[in-house]
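Engineer: This is the structure I have questions about; it appears just below.
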Amino acid sequence: MNTTPTPSTSFLLTPTQAYTLPSSSTKFLDTTWFMPNSPRNARQEFEKARIRGAKYFDLDEVASPNELGLKHMMPSSEQFKEACDQLGITKEDSVVLYDVHGVFSSPRALFAFKAFGHPKAFVLNGGLPA
């Protein structure tokens, strides 16, 4: 039985499934975000603990401005492409998104990847704690 996830079968991967993806074309992205009143800093925590080889995807930086000051609004296609280019992500890559909460902010990043047509984007079930 083939256990390799496909875009049509799942958006959520177990750690075992994530590590069966081809390492040369799989990108892990930490998408951790904290509520504005939290004293925690997602980027600083990323620097201290992350999945080896992961990069940080900042939901507030990769976002369109909002006149009401709302955070992490859907980016424009140009903003999203530029962020992916800077992270070395192509549509041929598998992208595994995670956060330090388990599954909190990573689905927001998944929504953006899917909205912009990325065929192989997934959320890591359990996030960094898994």
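Engineer: I'm checking my understanding of the structure. Among residues of region 92-117 that are in a loop (DSSP other than H, G, I, E, B) and crowded, with 21+ Cβ neighbours inside 10 Å, which one is modelled with the highest pLDDT?
Structural biologist: Asp99
Engineer: What single numbered condition from (1) among the basic types (Lys, Arg); (2) open to solvent by 60 Å² or more (accessible area, probe 1.4 Å); (3) touching a strand residue (DSSP E or B) at 6+ places or on another chain (Cβ under 8 Å); (4) modelled with pLDDT of 95 or more fails to hold for Lys27?
Structural biologist: For Lys27, the exception is condition (2).
Engineer: Just to verify a result, which residue in region 35-46, among those that are within 22 Å of Leu70 (Cβ to Cβ) and open to solvent by 20 Å² or more (accessible area, probe 1.4 Å), is modelled with the lowest pLDDT?
Structural biologist: Quick first cut of region 35-46, residues within 22 Å of Leu70 (Cβ to Cβ) only: 35-43.
If we keep only those that are open to solvent by 20 Å² or more (accessible area, probe 1.4 Å) as well, we get 35-41, 43.
Numbers: Met35: 89, Pro36: 85, Asn37: 89, Ser38: 91, Pro39: 94, Arg40: 94, Asn41: 91, Arg43: 93.
The extreme case among them is Pro36.
Engineer: Please determine whether any residue of region 77-85 is open to solvent by 60 Å² or more (accessible area, probe 1.4 Å), within 20 Å of Thr26 (Cα to Cα) and in contact with a strand residue (DSSP E or B) (Cβ under 6 Å, 6 or more places away or on another chain).
Structural biologist: no
Engineer: Right, here's the next one. Leu21 passes all but one of (1) open to solvent by 30 Å² or more (accessible area, probe 1.4 Å); (2) more than 19 Å from Pro129 (Cα to Cα); which number fails?
Structural biologist: Of (1) open to solvent by 30 Å² or more (accessible area, probe 1.4 Å); (2) more than 19 Å from Pro129 (Cα to Cα), only one is false for Leu21: (1).
Engineer: So, in region 92-101, of the ones that are touching a strand residue (DSSP E or B) at 6+ places or on another chain (Cβ under 9 Å) and among the acidic types (Asp, Glu), which residue ends up nearest to Leu124 (Cα to Cα)?
Structural biologist: Asp99
The values are calculated or read from the model by the stated rules, or taken from the named source; none is laboratory data. Here the structure is a predicted model, which means the values were calculated and not measured. Quick reminder, even Gly has a Cβ in these numbers, built from the backbone with ideal geometry, and neighbours come from all protein chains shown. Surface accessibility is based on the protein's heavy atoms, side chains included, excluding ligands, DNA and RNA. Shrake-Rupley method; radii C 1.70, N 1.55, O 1.52, S 1.80 Å.
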